[in-house]
Amino acid sequence: MKTHILISLLTIASTLSPMSYAAQPNEQPVTLLGTTYLPEIVGDFDHFAVDLKRNHLFVSAEVHHSIEMFDLKTGQHLKSIGGFKTPHSVAYAPEKDELMVADGGDSALVLLSGEDFHRIDRIQLIDGSATGKGDSPDAAYYDAANRLYYIGNGGVSANLPDSVISIFSVDQGKLIGSISIPGNNVESMKVDNLHQRLYVNIRDKKQIGVVDLKTRQVIHTWTAPDMNRNTALAVDAEQERIFVAGRSPGIFYVFDREGRIVSQKSCVDINDDMTWDPVMKRIYISGTQGLSIFHQDTPDTYSEIANIPTNGGKTSFYVPQVHRFFVIHPKTNVDIAGLLVYRVNP
């Protein structure tokens, strides 16, 4: 009887604890260290950013209208930063100590102080309010080497036929140009600085756009059989391989620099984020079905090394400096929202 009571008390304590720890087999590429529960937050999460100097991890909570902040090393929830309409992509620029938030509902790029999070500036992007829709900026990519923030906006979310990637210069503190995209649904994008290319998913066209960064023009579009709702994207610049994942069905594609498909594998459906780790030669794809992890055996051959449940978390982020991989999942009928903290194993 006493044993049963003790087990029940331990179960309750682990449920209420802000950080619940668990062990996984050592042979797995990642080990779950724990879950930080977020009982007050409902709705979807979008993308992550990190401030390494202060050990701060950020993630946007779209429906909660906030940026949530965690301790990078422990996963502890530290702060909820409010004042947004629909925050989507977020990035941190250490040179200016600024947090950059693409706020779709505000049709703007919002700049916050990294020290105390007061609002520094608001940069107007494409405004869809005149057409009755204003949730414009969404997917974005921060080119830390050149301190340029590429922000996808316009398109269907602004009730416009095509999209634009606006280019914000951190050094100059202003927009310095744009790239026209022939499609109304821009998703994940990545920059290849070795070859001066930007790759972007044009989801409504089931295409990948190839942008020449010197001319800021789309020079090629690629597609693939059965590719549908292509959302997640990553780039291996050294090997000139472009990784793309379709959402339904979940298919992981590998393209070479000419747009030829060199590999194709099943992966998790409804994926949102993809990470390429050039050190361990791994690709992480997170979706509502879980986390698919592939190993690059050669530039043209890939093996799935793990498929891990993540409680519906489709948003993920890898911080190689601390060997931590994060997945965040929303509240569901069976669980409250939570941040999953993994250690990446060699």
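Key figures
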| read-out | value |
| --- | --- |
| Extreme residue, farthest from Asn55 (Cα to Cα), among residues of region 289-305 that are at pLDDT 95 or above and surrounded by 17 or more Cβ atoms within 10 Å (Cβ to Cβ) | Tyr302 |
| Qualifying positions in region 212-246 - under 24 Å from Gly287 (Cβ atoms) and in contact with a Pro (Cβ under 8 Å, 6 or more places away or on another chain) | Asp226, Asn228, Asp236, Arg241 |
| Within region 1-75, strands (runs of 3 or more DSSP E) holding 1 or more residues that are modelled with pLDDT of 95 or more and surrounded by 13 or more Cβ atoms within 10 Å (Cβ to Cβ) | 30-38, 45-51, 56-61, 66-71 |
| Candidate set: region 273-288, residues that are surrounded by 24 or more Cβ atoms within 10 Å (Cβ to Cβ) and in contact with a Lys or Arg (Cβ under 8 Å, 6 or more places away or on another chain); chosen: the one nearest to Ile305 (Cα to Cα) | Ser286 |
| Qualifying residue in region 95-110 (condition: modelled with pLDDT of 95 or more, touching an Asp or Glu at 6+ places or on another chain (Cβ under 9 Å), more than 21 Å from Val50 (Cβ to Cβ) and surrounded by fewer than 16 Cβ atoms within 10 Å (Cβ to Cβ)) | no |
| Check on Val211, in contact with a Ser or Thr (Cβ under 9 Å, 6 or more places away or on another chain), part of a strand (DSSP E or B) and modelled with pLDDT of 95 or more | no |
| Single residue of Ser169, Ser157, Ser266, Ser248 found to be small (Gly, Ala, Ser) and crowded, with 16+ Cβ neighbours inside 10 Å | Ser157 |
| Meets criteria (of a type in the set (A, V, I, L, M, F, W, C) and free of Cβ contacts under 8 Å to residues at least 24 places away in the same chain) for Ile242 | no |
| Residue check, Asn230 out of contact with any Asp or Glu (no Cβ under 9 Å at 6 or more places or on another chain) and polar (S, T, N, Q) | no |
| Check on Thr298, without any contact (Cβ under 8 Å) to a residue 60 or more places away in the chain and closer than 30 Å to Ile219 by Cβ | yes |
| Some residue of region 178-198 being farther than 29 Å from Glu258 by Cβ, outside any helix (DSSP H, G or I) and touching a strand residue (DSSP E or B) at 6+ places or on another chain (Cβ under 9 Å) | no |
| Single residue of region 308-325 satisfying the filter (closer than 17 Å to Met280 by Cα and in contact with a strand residue (DSSP E or B) (Cβ under 6 Å, 6 or more places away or on another chain)) that is surrounded by the fewest Cβ atoms within 10 Å (Cβ to Cβ) | His323 |
| Residues of region 221-280 satisfying the condition of being of a type in the set (Gly, Ala, Ser), in contact with a strand residue (DSSP E or B) (Cβ under 7 Å, 6 or more places away or on another chain) and either part of a loop (DSSP other than H, G, I, E, B) or at pLDDT below 95 (or both) | Ala224, Ala237, Gly250, Gly259 |
| Residue match in region 131-146 (condition: surrounded by 14 or more Cβ atoms within 10 Å (Cβ to Cβ), charged (D, E, K, R), in contact with a His (Cβ under 8 Å, 6 or more places away or on another chain) and at pLDDT below 95) | yes |
| Conditions (1) aliphatic (A, V, I, L, M); (2) surrounded by 17 or more Cβ atoms within 10 Å (Cβ to Cβ); (3) out of contact with any Phe, Trp or Tyr (no Cβ under 8 Å at 6 or more places or on another chain): number failed by Met227 | (3) |
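The values are calculated or read from the model by the stated rules, or taken from the named source; none is laboratory data. In this text the structure is predicted, and so the values were computed from the model without any measurement. In this analysis, Cβ positions are derived from the backbone assuming ideal geometry, glycine residues included, and neighbour counts consider all displayed protein chains.
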